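The values are calculated or read from the model by the stated rules, or taken from the named source; none is laboratory data. Note that this is a predicted model, so its numbers are computed, not measured. Cβ atoms come from the backbone with ideal geometry, glycine included; neighbour counts cover every protein chain shown. Accessible surface areas use protein heavy atoms only, side chains included; no ligands, DNA or RNA. Shrake-Rupley method; radii C 1.70, N 1.55, O 1.52, S 1.80 Å.
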Amino acid sequence: MNPIQNTKTVLVLPPEAKDNGDFAAPTPVDTAGWGHLRFEFLAGSLAAAIGSTAETAALKIEECDTSGGSYTDKTGAALADAIADDEDDQVFAIDINLQNGTHKRYMQPNQPHAGDGSATASNLAIIAILSKPSGMGPGTAAEQGLAELVVL
């Protein structure tokens with residue numbers, strides 16, 4: 001099996017345009033049985049900065065023992081700063097080694113927020129990619145978190 005087929009993709013935030021407000025609540029990622037997690041923040045056209053809770057704060061990851069519980073910051077899991085309004089059409093990532101140290105089972109980005117783009121929205125999508133399964137890896141498209149998979 002090709003290593004990319006031994007991963008699971010989670011749609012954490014579907015593509016969304018937001019002007020001066022919070023994006024939809026992110027979907028928590030269940031890390032059970034996986035050794036590595038990457039969050040990818042896909043910035044589209046940006047009219048204002050995007051950050052965690054406020055447009056001035058770096059996007060960060062938080063964790064919890066249950067999917068619906070109280071999340072706390074994952075130490076060190078943050079971008080250097082907020083995504084600036086001139087960083088259009090780029091991908092930003094945070095990698096988390098789930099085999100080193102302690103972590104809680106569920107992880108998600110802290111609430112993403114877009115600044116005021118003067119009636120023009122900023123666009124963002126977030127995916128998570130789980131890799132290094134502890135047992136048998138995913139065998140089907142659905143187990144890989146995909147609606148469809150074509151293999152040539």
Could you list, in sequence order, all residues of region 15-42 that are surrounded by fewer than 21 Cβ atoms within 10 Å (Cβ to Cβ) and farther than 28 Å from GLN99 by Cα?
-> PRO15, GLU16, ALA17, LYS18, ASP19, ASN20, GLY21, ASP22, ALA24
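Search region 85-102 for residues being surrounded by fewer than 15 Cβ atoms within 10 Å (Cβ to Cβ) and among the acidic types (Asp, Glu), and hand back the single one that is farthest from THR31 (Cα to Cα). Let's see the steps before the verdict.
Narrowing region 85-102 to residues surrounded by fewer than 15 Cβ atoms within 10 Å (Cβ to Cβ): 86-91, 93, 95, 97, 99-102.
Keeping just the survivors that are among the acidic types (Asp, Glu) gives 86-89, 95.
On the way: ASP86: 33, GLU87: 30, ASP88: 30, ASP89: 28, ASP95: 13 Å.
Checking each candidate, the answer is ASP86.
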Scan (1) farther than 15 Å from ALA93 by Cα; (2) outside any strand (DSSP E or B); (3) out of contact with any Asp or Glu (no Cβ under 8 Å at 6 or more places or on another chain); (4) not polar (S, T, N, Q) for the single condition GLY35 breaks and write down its number.
-> (2)
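Identify the residue in region 46-62 that is in a loop (DSSP other than H, G, I, E, B) and β-branched (Val, Ile, Thr) and, among all such residues, is farthest from the chain's Cα centre (by Cα). Even if it seems obvious, please write down each step before you answer.
As a first pass, look at region 46-62 and keep what is in a loop (DSSP other than H, G, I, E, B): 46-49, 53-59.
So of that shortlist, the ones also β-branched (Val, Ile, Thr) come out as 53, 56.
On the way: THR53: 15, THR56: 18 Å.
Selected residue: THR56.
Tell me whether region 80-91 contains one or more residues that are under 12 Å from the mean Cα position of the chain (by Cα), under 29 Å from GLY137 (Cβ atoms) and free of Cβ contacts under 8 Å to residues at least 60 places away in the same chain. Step through it out loud before you land on a result.
Residues of region 80-91 that are under 12 Å from the mean Cα position of the chain (by Cα), as a first pass: 91.
If we keep only those that are under 29 Å from GLY137 (Cβ atoms) as well, we get 91.
Within this subset, residues satisfying the condition of being free of Cβ contacts under 8 Å to residues at least 60 places away in the same chain are 91.
The answer is yes, given that some residue of region 80-91 is under 12 Å from the mean Cα position of the chain (by Cα), under 29 Å from GLY137 (Cβ atoms) and free of Cβ contacts under 8 Å to residues at least 60 places away in the same chain.
Among the residues of region 44-66, write down those that are among the polar types (S, T, N, Q) and open to solvent by less than 60 Å² (accessible area, probe 1.4 Å). Don't jump to the end; show me each part of the working.
Residues of region 44-66 that are among the polar types (S, T, N, Q), as a first pass: 45, 52-53, 56, 66.
Of everything in region 44-66, just one residue is among the polar types (S, T, N, Q) and open to solvent by less than 60 Å² (accessible area, probe 1.4 Å), namely SER52.
Just name the residue that is surrounded by the most Cβ atoms within 10 Å (Cβ to Cβ) out of those in region 103-137 that are of a type in the set (Ser, Thr, Tyr) and within 24 Å of CYS64 (Cβ to Cβ). Even if it seems obvious, please write down each step before you answer.
In the first step, residues of region 103-137 are kept if they are of a type in the set (Ser, Thr, Tyr); the result is 106, 118, 120, 122, 131, 134.
Narrowing further to those that are within 24 Å of CYS64 (Cβ to Cβ): 106, 131, 134.
Numbers: TYR106: 19, SER131: 17, SER134: 11.
Among them, the one singled out is TYR106.
Would you tally the residues in region 130-152 being among the polar types (S, T, N, Q), in a loop (DSSP other than H, G, I, E, B) and in contact (Cβ under 8 Å) with a residue 12 or more places away in the chain? Steps first, answer last, please.
Here is the first cut: in region 130-152, the ones among the polar types (S, T, N, Q) are 131, 134, 140, 144.
Now restrict to residues that are in a loop (DSSP other than H, G, I, E, B): 134, 140.
Those still in the list that are in contact (Cβ under 8 Å) with a residue 12 or more places away in the chain too: 134.
Residues that pass the stated criteria total 1.
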Test each condition in (1) at pLDDT 95 or above; (2) surrounded by fewer than 17 Cβ atoms within 10 Å (Cβ to Cβ); (3) in contact with a Ser or Thr (Cβ under 9 Å, 6 or more places away or on another chain) for ALA82 and report the one that comes out false.
-> (2)
Where THR27 falls short, out of the listed (1) closer than 11 Å to ILE126 by Cα; (2) part of a strand (DSSP E or B); (3) not charged (D, E, K, R) = (2)
